[in-house]
Amino acid sequence: MRVVTVPCLSDNYAYLVIASTGETAIVDASEAAPVRKALQREGAKARSIWSTHHHWDHVGGNEELSRDLGIGVVGDVEATCIHIPGHTLGAVAYFIETPGERAVFTGDTLFCAGCGRLFEGTPAQMHESLSRLAALPPDTRVYCGHEYTVNNLAFAASVEPSNLEIGLARTRAVSQRARGEPSVGTHIDEEKRVNPFLRTRSPEIRASLGAGTDLDDASVFAALRRAKDAFR
């Protein structure tokens, strides 16, 4: 299996999940042209379109692509669909496990070092969905829907300034972006170390938010999401 990142729109990512046969699944096709170009460049044959949620910037290219591509199974690649409500009520992630690699496509639910806004779900739902993703094998690579990593890590540093791993991750992400490379493809293990939305039990994060040690994790998550919404 190979995963190819396809920049779309201003800061979106679509992905090609390419099986050993060359058959391919397209994940979150926000627009058709960049996806079609990537398919041609990679010599890949699209067989399925997978969408993580219904927002236009993740499905805008579906209709056009589905008209001219043969849709069906994807060679030797199979995905487990995980329901992760919060950003939207119908949001799903696609988890793939092969002998050589594990990957999860999280859309706008789990970002690298962050998470999506709550447009339809509740804080409790989103916290549970993130916990479900955090329970995946630690070497699972995270492929999310947007290039938000540098800003997400700046927020993470503001609420957990003594976490040195956040600074290292930020330096790496800044360097990747300076080279014109995507910052996506982190591991679940790293996300659990630097992503504040997966670290609601951190005493320092709770102190930064003015949240007591007896506050439940979902409420701490809600306070984090409010703080991130106001972060500039």
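Here Rg/Rh (Cα atoms, Kirkwood Rh) was calculated from the structure, and among (1) 0.98; (2) 0.92; (3) 0.95 it sits at label (1).
What FRET efficiency do you get for GLU63 and GLN40 if R0 is 22 Å and r is their Cβ-Cβ distance, rounded to the nearest 0.05? For R0 = 22 Å, the calculated efficiency reads 0.65. Take segment 84-205 with all the other protein chains still there, run a 1.4 Å probe, and you get 40 Å² of accessible area per residue.
Take the Cβ atoms of SER10 and ASP76, set R0 to 35 Å, and the FRET efficiency comes out at 0.50. Within the chain, helices built from complete DSSP H runs that reach 20 Å or longer along their own axis (Cα positions) and carry a mean Kyte-Doolittle hydropathy of -0.5 or higher are 164-178. Extension gain for the segment ALA227 to LYS192, taken as residue separation times 0.36 nm less the Cα-Cα distance, is 10.7 nm to one decimal. Computed over segment 78-150, relative contact order equals 35 percent, with contacts defined as Cα pairs under 8 Å that lie 6+ residues apart. Projecting the Cα atoms of SER219, VAL27, ILE205 onto the charge dipole of the chain (Cβ charges, centred on the Cα centre) puts ILE205 farthest toward the positive pole.
Here the accessible area of the chain is 52 percent carbon and sulfur, with a 1.4 angstrom probe and all protein chains present.
For LYS45, the aspartates and glutamates whose Cα falls under 19 Å of its own Cα, not counting residues fewer than eight places away in the same chain, are GLU23, ASP28, GLU31, GLU63, GLU64, ASP68, ASP76, GLU78. Taking every DSSP bridge with both residues inside the chain, close to 75 percent are antiparallel. Averaging the Cα positions of each part gives two centres, and for segment 99-123 and segment 142-205 these lie 13 Å apart.
The values are calculated or read from the model by the stated rules, or taken from the named source; none is laboratory data. A quick note: this is a predicted structure, and the numbers were derived from the prediction, not measured. Methodologically, a virtual Cβ is constructed for each residue, glycine included, from the backbone with ideal geometry; neighbour enumeration extends over all protein chains shown. To get the accessible areas, we keep the full protein, side chains included, count just its heavy atoms, and leave off ligands, DNA and RNA. Shrake-Rupley method; radii C 1.70, N 1.55, O 1.52, S 1.80 Å.
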